[in-house]
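Step one of this worksheet: look at the structure below.
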Amino acid sequence: MGDSESSNGKSIDQLPAALLGTIMTKLDVASICSVTATCSNFKSCTSQILSFLTHFHLLDVAPSMGIIRPLLPPNPYLTSLKMHCGQLDDKATDLMLRPSLHELCLYNCADFSGKLLFEIGRHCKDLRSLYLGSVAEKRGRSIHITDLEELLGGCTQLEELVLMFDISLFLRHNFARVWALASEKLLSLEIGYISSVMVTELLSPNLRSHRSPNNNIQPSILPGILKLCLSVDYITDTMVGTISQGLLSLTHLDLRDAPLIEPRITFDLTNSGLQQINQHGKLKHLSLIRMQEFLITYFRRVNDLGILLLADKCAKMESIYLGGFCRVTDTGFKTILHSCSSLHKLCVSHGTQLTDLVFHDISATSLSLTHVSLRWCGLLTNNAIRNLTSNVVLKMLDLRDCKNLGDESLRAISSLPRLKVLLLDGSDISDSGVSCLRYGVIGSLVTLSLRGCKRLTDKCISSLFDGSSKLQLEELDLSNLPHLSDNGILALARSRVPISELRMRQCPLIGDTSVMALASMQVDEDRWYGSSLRLLDLYNCGGITQLAFRWLKKPYFPRLRWLGVTGIVNRDIVDALARNRPFLHVATRGEELGVGPWDCSDGTYMHDYDEVDELEQWLGEGEEGSDDEEMQDAEHNAQVE
C-alpha cells in the first residue's frame with residue numbers, strides 16, 4: 001500500500017486500530033476475510049472484530065472445521081448465523097450454537113445427525129428464525145423423534161421454521177404429540193418432505209393437549225400459522241380440507257407433490273377439495289403444483305367446475321400458482337383472471353388446454369401482473385404474448401417450453417421497460433427476433449435464458465451485446481444451442497458484460513477458445529480477468545480439451561464457485577483442479593448447477609478482486625501448496641497417454 005500513500009504520508013493500514021475496526025464492522029464476513037489477506041494490521045483487527053459481530057454470514061464457500069474455528073470465537077453479541085455446512089458434522093455444533101442467536105440458517109447439513117436438532121433446542125432458546133437443510137441425508141446418519149421434541153420444546157420463541165429434509169421417517173404415533181410443543185408464536189412453517197397422512201393427523205382437531213391438566217380442552221396445533229409450505233407424496237381432498245379448517249389465519253399456502261404412481265381417488269385432489277380452500281377468505285397466495293419428477297401425471301380429477309368453485313373465494317388473492325391441471329380449459333383460467341382483481345403473480349405449468357383466448361381481453365381487466373410464468377403451455381402462440389404485454393409493469397416472464405412462440409413474441413416483449421427476468425427455453429425464435437431485445441428490454445434484464453432455441457447462432461450474441469450500453473445482465477443461459485460457436489463467446493467477452501452465471505452446456509461447437517476468452521475478459525480495468533463469473537457450465541461442450549483446464553486454474557476466474565465439465569475429458573485433470581481450488585464445486589455428471597441459497601450473499605458491500613480471490617487466499621492460509629504441481633503432472637500424464 002506504500003504506492004497509494006496520501007499527501008500526509010500515511011496509508012490506510014496506518015489508521016488507528018479503533019477506526020479500522022469501525023470501518024470493518026460495516027462489511028460482511030466474506031469481505032472482512034478478504035481485506036484480512038491484504039496486510040498485518042487488518043489481520044489483527046479481524047481477530048477482535050469477530051468477537052463482537054452481530055451477523056456472521058459465510059455462504060459463499062463450505063469451510064472445514066479447521067477453517068471455521070478461528071472465525072467463530074466466543075461472541076455474546078452474535079444474533080444471526082448463516083453457513084454452508086457441506087464440510088461440517090456433529091462436531092461443529094458446540095462451535096456454532098450460541099444462546100444469543102435469533103436467526104440460524106444452516107445449509108447442506110447432510111453429515112449431521114439428529115443431534116443437531118437436539119442441541120439447537122438445548123442451546124438456542126431465543127431463536128426466532130431457523131432454517132435447516134438436508135439434515136442426516138448422508139448414509140449412516142439418522143434423526144430420532146426425541147431430537148425433534150427437544151427442538152420444538154426448547155425453541156419457544158420461534159416465529160419461522162424451515163426443515164428442508166424428509167421428516168416422514170419419524171414415528172407417526174408420536175409425531176402429532178411432539179408438534180403440540182411447537183411455539184405458539186410460530187407464523188411460518190416449511191417442510192422439505194412429509195406424507196399427506198402425517199399432515200392430516202398433525203392438524204386434525206382430535207388431539208388432546210398434554211400441556212393442560214384439563215383433558216377436555218382441545219389443543220390448537222400451530223394456531224397462529226400464516227404461511228405453510230409443504231412437499232408431500234399426494235395432495236388430497238382430506239389434507240386440503242384439514243388445513244383449511246385447522247389453520248384459521250392462513251394467508252400463504254404452498255403445496256406440491258410428486259406421485260410415484262397414479263393416485264387413486266382417495267389420494268388425489270378433486271373439485272370437492274378445491275371448494276374447501278380459503279374457507280376463511282384470508283389467503284393471499286395459493287400454490288398447488290403436481291411435479292412430474294417420477295411420473296408423467298396430472299390433477300385429472302379437477303376440471304373447470306373446480307376452478308369456478310375456487311374462484312368464488314379468490315377475490316383477494318395476490319398470487320396463484322397452478323401446475324398440472326390438464327383438464328382445466330380457457331374457461332377456468334379466464335375465471336381466475338376476471339375474479340382476482342388483486343392478482344399480481346400468475347403461474348401455470350403443464351396447462352395442456354390453455355390457449356391464446358385466456359389473454360384475449362386481458363387489457364380490459366384492471367390487472368397489473370408483475371410476474372407471469374406459463375411453462376409447458378404448448379398451445380400458446382405469439383398472439384397470447386402480444387396481449388399479455390399490455391401489462392407494461394411485468395418484471396418476470398417465464399415462457400419456457402412454449403414451442404410455438406416466435407419472433408413476433410420478442411417484438412412485443414421488447415416494449416416492457418421493467419422486465420428483469422426473461423426465460424425463453426425451447427422457443428422458435430431466430431437471431432433477427434433476438435435483436436429486437438437490444439432496442440428495449442436488454443437494458444433492464446438481469447436474467448436471460450435462450451436454452452434450446454435451436455435456430456440461434458453467433459449473430460444473436462453480437463446483436464444483443466455490442467458494447468454500446470451499460471447492461472445489468474447477471475445470468476445468461478446459452479445451453480443446447482447447436483450453432484453457437486467460439487466466435488459468439490468471443491463477442492460476448494469483448495462486450496464486457498458483468499455476467500456472474502453463464503451456462504453453455506450441450507453446445508457442440510464450444511471449445512477451448514471460449515474458455516480462454518472468458519478467462520481473459522475484463523469487466524473493467526480495476527478487476528482481474530474473468531473476475532465476474534461465479535458459475536460456468538461447460539458440460540458436454542464438444543471442443544473442450546485439457547488445454548481449457550489450464551485457464552481454469554488460479555489466478556483466472558477468481559470468483560468462480562461452480563463449474564460444470566465432462567469428467568471423461570480427463571479424470572486426473574478434473575480431480576487435480578478440484579484440489580487446486582478447494583472452494584470450487586466441480587460437477588462432472590451432468591447435474592444442473594443450481595445456485596442454492598448459500599450462494600446468495602445478502603450483504604450490500606461487494607469488494608473488488610485483485611489477481612486472486614482474497615477470501616479464498618485467507619481461508620486457505622497455511623495449507624500445502626502442491627496443487628499446481630499436481631495439475632501440471634496430470635496434464636503431462638494426459639499428454640503422454
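The values are calculated or read from the model by the stated rules, or taken from the named source; none is laboratory data. What you are looking at is a predicted structure, and each value in this text was computed from that prediction instead of being measured. Heads up, the Cβs are rebuilt from the backbone with ideal geometry, glycines too, and the neighbour counts pull from every protein chain shown. Just the protein is used for accessible areas: all its heavy atoms, side chains included, with ligands, DNA and RNA removed. Shrake-Rupley method; radii C 1.70, N 1.55, O 1.52, S 1.80 Å.
Each pair of Cα atoms in the stretch 378-443 enters the Kirkwood radius, and Stokes-Einstein at 4 °C and 1.567 mPa s then converts it into a translational diffusion coefficient of 112 µm²/s.
Size descriptors for the stretch 111-156 (Cα atoms only): Rg and Dmax, in that order, 10.4, 32 Å.
Note on residue 521: accessible area approximately 10 square angstrom, rounded to 10, probe 1.4 Å, nucleic acids and ligands left out. Computed with a 1.4 Å probe over protein heavy atoms only, the accessible area of residue 111 comes to about 30 Å². Distance from the C-alpha centroid of the stretch 553-589 to that of the stretch 493-512: 16 Å, rounded to the whole angstrom.
Within the accessible area of the stretch 433-515, the carbon and sulfur atoms contribute 48%, probe 1.4 Å, all protein chains present. Both the radius of gyration and Dmax for the stretch 439-508 are 11.2, 31 Å, in that order, over alpha-carbon atoms. Pulled fully out, how much extra length does the chain show between residue 18 and residue 272, if you take 0.36 nm times their separation in residues and subtract their Cα-Cα distance? Full-extension gain reported as 84.8 nm. May I ask you to derive the FRET efficiency for residue 364 and residue 470 from their Cβ-Cβ distance with R0 = 56 Å, giving the value to the nearest 0.05? So, using R0 = 56 Å, E works out to roughly 0.90. Mean separation of Cα pairs under 8 Å and 6 or more residues apart, divided by the residue count, gives the stretch 136-183 a relative contact order of 55 percent. Compactness check for the stretch 372-514: Cα Rg over 2.2 N^0.38 Å is 0.97.
Projected label points at residue 190 and residue 403, each 7 Å from Cα along the beta carbon direction, are separated by 3.4 nanometres. Once the C-beta distance of residue 146 and residue 126 is scaled by a Förster radius of 22 Å, the resulting FRET efficiency is 0.50 to the nearest 0.05. Taking one equal scatterer on every alpha-carbon of the stretch 42-194, how large is log10 of I(q)/I(0) by Debye at q = 0.12, 0.14 1/Å? Normalising to I(0) and taking log10 leaves -0.48, -0.65.
The stretch between residue 48 and residue 264 holds 71.6 nm of extra length on full extension. This uses 0.36 nm per residue minus the Cα-Cα distance. Placing a label point 7 Å from the Cα of residue 55 along the Cα-to-Cβ line, the residues of the stretch 74-90 whose backbone N sits under 14 Å from it are 78-83. In the stretch 322-413, the portion of solvent-accessible area held by carbon and sulfur atoms comes to 50 percent [1.4 Å probe, whole percent, DNA, RNA and ligands not counted].
Using the Karplus relation 6.51 cos²θ - 1.76 cosθ + 1.60 with θ = phi - 60°, the per-residue 3J(HN,Hα) values for the stretch 225-232 come to 4, 9, 10, 10, 10, 9, 9, 10 Hz, with x marking Gly and Pro. Heavy-atom accessible area with a 1.4 Å probe sorts 139, 418, largest first, into 139, 418.
So between residue 587 and residue 444, what do we pick up on full extension, going 0.36 nm a residue minus the alpha carbon distance? Show your work: numbers first, answer last.
Numbers: separation 143, 0.36 × 143 = 51.48 nm, distance 3.12 nm.
Working it through step by step, the gained length comes to 48.4 nm.
Residues in the stretch 369-384 carry Karplus couplings, in order, of 6, 9, 10, 9, 10, 10, 6, 6, 9, x, 8, 6, 10, 4, 4, 4 Hz; the curve used is 6.51 cos²θ - 1.76 cosθ + 1.60 with θ = phi - 60°, and Gly or Pro positions show x. When the P(r) of the stretch 291-443 is calculated, the portion above 21 Å amounts to 42% of the C-alpha pairs.
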